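The values are calculated or read from the model by the stated rules, or taken from the named source; none is laboratory data. In this text the structure is predicted, and so the values were computed from the model without any measurement. Glycine gets a Cβ as well: all are built from the backbone with ideal geometry, and neighbour counts include every protein chain shown. Only protein heavy atoms, including side chains, enter the accessible area calculation; ligands, DNA and RNA are left aside. Shrake-Rupley method; radii C 1.70, N 1.55, O 1.52, S 1.80 Å.
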Amino acid sequence: MRWAILLVLLTSLIMQVSNSRAAEDSAPDGWTCGAPRDEIRPDFVYEPEGGQNGSPAWAIIADDRPALDGYWQKAFRVVGGQHYRFRALRRVENVAHPVRSAVVTVTWQDDRGKLVPGEVDMAQPEFPREGSSVDGWTEVADTYQAPAKATQAVVRLHFRWAPRGTVRWSEVALEKVSPPGPRMVRLAAVHFRPRGGKTPEENRQMFAPLVAKAAAERADLVCLGEAVTLCGTGLTYAEAAEPVPGPSTEYFGRLTKEHNLYLVAGLLEREGSVVYNTAVLVGPDGQLVGKYRKVCLPREEIDGGVAPGAEYPVFDTRFGRLGIMICWDLEFPEVARNLALGGAEVIALPIWGGHALLAQARAIENQVYLVSSTYDEEMKTGIVDRRGQWLAETRQQGDVLVVEVDLNRRTTWKWLGDLKSRVPRERPVTGFGD
């Protein structure tokens, strides 16, 4: 019986290797198939007209085994120091988590097939990022500078861990391009706790000189604190609540239009009988760009009749993609992670009080810049970079901090590479949604 099982396995392996060789023979020059081990090797098929609009496609097909893992591979010649753009289209069938199962890697090598030095150590594989989708085909692309000693870039089109799934790759290219320019943004954090105001209107007006101060330093984004229309007034959540758009967005809209910037401010929102702890994003045209309703509520807000939000919107701005979270959200990794998965490059954090170390952790985990505006002493008002470092920080009432960062500059970690593109491919697929 044992020999019969071994014979079946051996026959299966021989057939898989044979199919792979047949696929390689039919594919364009330079393309080969591979797998970590032959026993988990999927099937490979080159389809001359299987891609979008009848273009060629490189297909990988899995049977019902749970851990199949394989890739199409080709080495492209490169010149060290030059910039290259990788691009491919991807289409999947019966794949639950394409970001993990259908992945591209670009590995920089020398003529001997060895890794070459990178920015901080040996250059780690790149993970091109997902873009828009059309007719079921998703663009996977990114632009890189080849390390100085690289002579080739090995592109692998992976497919793994998706029983009975299929991926097709099409329009695969690695082409020399001009260096991309910087994408600078000036992020501003305001440390100010309203005192003495009796109404939301009185509280709002206290922030006008602080916004003007940020504008004088050419801020692109200004982050104010949590519930600025409630803090210090003595009002209940429901008494301070207002519609969105409404009086506060109109007031802050006049400021943003005057100063040509974006502004995030926390307030209480009323929709019918429901009250939310909300942060609004108002744009340089004076209009409401969008809002985020706090998802994670502490017991004090729950007892006060506040309802949780249920969405993680990410907003397109003229400088990049912005997410928002509020105070207690910081205690839970899911909120920042969902914003990052939605493409957030910067997260604004209006926060009453919290733990500064958690702000650093969220920035590191998700490779985002985080702008915090707080009231309490334990937390910090300031800007955190992707390495978890406070680029600027304050606990001084009335301070306005402005820091300029380049969103196009990659953050490379020793031995780990670019976590911004790597983490989504290796994160858990349960607990955060997809």
- Within the stretch 198-236, how many residues are over 22 Å from Pro284 (Cβ atoms) and part of a loop (DSSP other than H, G, I, E, B)? 11
- Message: Just to be sure before I move on: is Ile364 touching a residue at least 24 places away in the same chain (Cβ under 8 Å), part of a helix (DSSP H, G or I) and open to solvent by 20 Å² or more (accessible area, probe 1.4 Å) in the structure I sent?
- Response: yes
- Task: Check off (1) out of contact with any Lys or Arg (no Cβ under 8 Å at 6 or more places or on another chain); (2) surrounded by fewer than 19 Cβ atoms within 10 Å (Cβ to Cβ) for Asp110 and give me the number that stays unchecked.
- Result: (1)
- Working carefully through the options Gly388, Gly382, find the one that is part of a loop (DSSP other than H, G, I, E, B) and small (Gly, Ala, Ser). Gly388
- Note on the structure: Over the stretch 254-306, the set of residues open to solvent by 30 Å² or more (accessible area, probe 1.4 Å), of a type in the set (S, T, N, Q) and touching a residue at least 40 places away in the same chain (Cβ under 8 Å) is Asn260
- Message: If Leu322 satisfies all but one of (1) open to solvent by less than 50 Å² (accessible area, probe 1.4 Å); (2) in a loop (DSSP other than H, G, I, E, B); (3) not small (Gly, Ala, Ser), what's the number of the condition it fails?
- Response: (2)
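Listed residues Leu341, Leu391, Leu357; which is aliphatic (A, V, I, L, M), open to solvent by 10 Å² or more (accessible area, probe 1.4 Å) and closer than 25 Å to Ala215 by Cα?
Among Leu341, Leu391, Leu357, only Leu391 is aliphatic (A, V, I, L, M), open to solvent by 10 Å² or more (accessible area, probe 1.4 Å) and closer than 25 Å to Ala215 by Cα.
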- Name the one entry in Leu157, Leu115 that is touching a residue at least 12 places away in the same chain (Cβ under 8 Å) and among the aliphatic types (A, V, I, L, M). Leu157
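Out of all the residues in the stretch 337-384, which are of a type in the set (D, E, K, R) and closer than 21 Å to Tyr312 by Cα?
Answer for the stretch 337-384, where residues must be of a type in the set (D, E, K, R) and closer than 21 Å to Tyr312 by Cα: Arg337, Glu345, Arg362, Glu365.
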- Task: Looking only at the stretch 135-143, decide whether some residue is of a type in the set (Asp, Glu) and buried (at least 17 other Cβ atoms within 10 Å of the Cβ).
- Result: yes
- Over the stretch 253-307, the set of residues in contact with a helix residue (DSSP H, G or I) (Cβ under 7 Å, 6 or more places away or on another chain), under 17 Å from Leu230 (Cα atoms) and of a type in the set (A, V, I, L, M, F, W, C) is Ala265, Leu267, Leu268, Val275, Val280, Leu297, Val306
- Note on the structure: Within the stretch 213-229, of all residues that are farther than 14 Å from Val264 by Cβ and either of a type in the set (Lys, Arg) or open to solvent by less than 40 Å² (accessible area, probe 1.4 Å) (or both), the one nearest to the chain's Cα centre (by Cα) is Arg218
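I'd like the residue in the stretch 85-98 that is hydrophobic (A, V, I, L, M, F, W, C) and open to solvent by less than 50 Å² (accessible area, probe 1.4 Å) and, out of all such residues, is nearest to Val134 (Cα to Cα).
Per the criteria, the residue is Leu89.
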- Task: Name, by its number, the condition in (1) exposed (fewer than 15 other Cβ atoms within 10 Å of the Cβ); (2) farther than 20 Å from Ala173 by Cα; (3) touching a residue at least 24 places away in the same chain (Cβ under 8 Å) that does not hold for Gly81.
- Result: (2)
- Message: Take Gln152 and tell me if it is crowded, with 16+ Cβ neighbours inside 10 Å, out of contact with any helix residue (DSSP H, G or I) (no Cβ under 6 Å at 6 or more places or on another chain), over 28 Å from Arg321 (Cβ atoms) and not small (Gly, Ala, Ser).
- Response: yes
- Qualifying residues in the stretch 180-195 (those that are open to solvent by less than 60 Å² (accessible area, probe 1.4 Å) and part of a loop (DSSP other than H, G, I, E, B)) - the one farthest from Ile324 (Cα to Cα): Gly181
- Counting only residues that are open to solvent by less than 10 Å² (accessible area, probe 1.4 Å) and without any contact (Cβ under 8 Å) to a residue 60 or more places away in the chain, which one in the stretch 367-386 is farthest from the chain's Cα centre (by Cα)? Met379
